[in-house]
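Visitor: The structure is given below, and queries will be raised subsequently.
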Amino acid sequence: MTDALPTLKEADALRADIYRLLATLLRQAPDAELLNWLAELDIEQDGSRLAECWHALAAAAKNTDVEGLQRAHFRLLVGVIQGEVVPYASWYRNGELMEAALVALRQDLKVLGFVRSEHTRDPEDHLAALCEVMAMLIDSASHEQAYFFSQHLAPWAASCFADLGQVDTAFYAALGQLGGAFMESEEARLSVDAGHTQVRIVEP
């Protein structure tokens, strides 16, 4: 009996893992296990911006603590009403929450067969949720990766990460810088695919 799931290339498996890590760190502060794992990352110094950002995140993880990051995460990304950074597509694209960007996203998610988890209160256009969708599209070797990224991440995610990169907490500033560098690399990679195959998500 053969495995029905497509075998991911190493580079694509790494991309999916990075999307999942970004999603996890955007949704909640890291626990001690994740923080220790980040602090002990062995990063190849190849001179790239991504490598520098990974190094900065690892260094920040070594010089912080779980309790401090829990407070910082709430202040920066959640807030009593909203955090210092508001990680929603509608906020960045339309200037308000629950706007047109969310409506368009929900239409595409419906076609793709994604359903909002009953365990989350966040609207689907939260940056963490979009990173999770990208990870699942990569895992399934979906040809709709480029379209989904171009429609729902490329117009705003780098700006959101750039804002996070300016905050006063070293760990979250490093996360923002890493996320921005990763979005740049993804846009370069996926724009090539989009240029060759104009895939659109359509109703069956």
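Visitor: Across the range 103-109, in residue order, what do the Karplus-derived ³J(HN,Hα) couplings come to in whole Hz, using 6.51 cos²θ - 1.76 cosθ + 1.60 with θ = phi - 60° and x for Gly and Pro?
Guide: In residue order, the calculated couplings are 4, 5, 4, 4, 5, 5, 4 Hz.
Visitor: Which of these, Leu164, Leu190, Leu178, has the largest mean-square fluctuation under a Gaussian network model of the chain (Cα springs below 10 Å)?
Guide: Per the Cα network of the chain with a 10 Å cutoff, Leu190 tops the list.
Visitor: For the chain, what class follows from the C-alpha gyration tensor (a ≥ b ≥ c being the square roots of its eigenvalues): rounded when a/c is under 1.5, otherwise prolate if a/b is larger than b/c, else oblate? Walk me through the numbers on the way to the answer.
Guide: Working: a/c = 1.67, a/b = 1.23, b/c = 1.35.
Because a/c hits 1.5 or more and a/b fails to exceed b/c, the chain counts as oblate.
Visitor: Sticking with this one: For the chain, what does the helix formula give at 222 nm: sum of -39500 (n - 2.57) over DSSP H segments with n ≥ 4, over the residue count, nearest 500 deg cm²/dmol? Working shown, then result.
Guide: Working: 10 runs with 123 residues, N = 204.
Calculated at 222 nm, the ellipticity per residue is -19000 deg cm²/dmol.
Visitor: Still on this structure, please answer the following. Using a 1.4 Å probe, how large is the accessible area of Asp17, given in Å² and rounded to the nearest 10?
Guide: 80
Visitor: Moving to a separate point now. Would you tell me the accessible area of Thr64, worked out with a 1.4 angstrom probe on the heavy atoms of the protein chains, in Å² to the nearest 10?
Guide: 50
Visitor: Let me ask something else. As I understand it, the dipole of the chain uses +1 on the Cβ of Lys and Arg and -1 on the Cβ of Asp and Glu, about the Cα centre. Which of Tyr92, Ala128, Leu34 lies farthest toward its positive end?
Guide: Positive-end residue among those listed: Tyr92.
Visitor: Can you give the accessible area of Met136 in Å² (nearest 10), computed on protein heavy atoms with a 1.4 Å probe?
Guide: Counting only protein heavy atoms, Met136 exposes about 90 Å² to solvent.
The values are calculated or read from the model by the stated rules, or taken from the named source; none is laboratory data. All values derive from a computational prediction rather than experimental measurement. Every residue, glycine among them, receives a Cβ derived from its backbone with ideal geometry; neighbour counts consider all protein chains shown. Ligands, DNA and RNA are stripped out before the accessible areas are found, and what is left, the full protein with its side chains, is counted by its heavy atoms. Shrake-Rupley method; radii C 1.70, N 1.55, O 1.52, S 1.80 Å.
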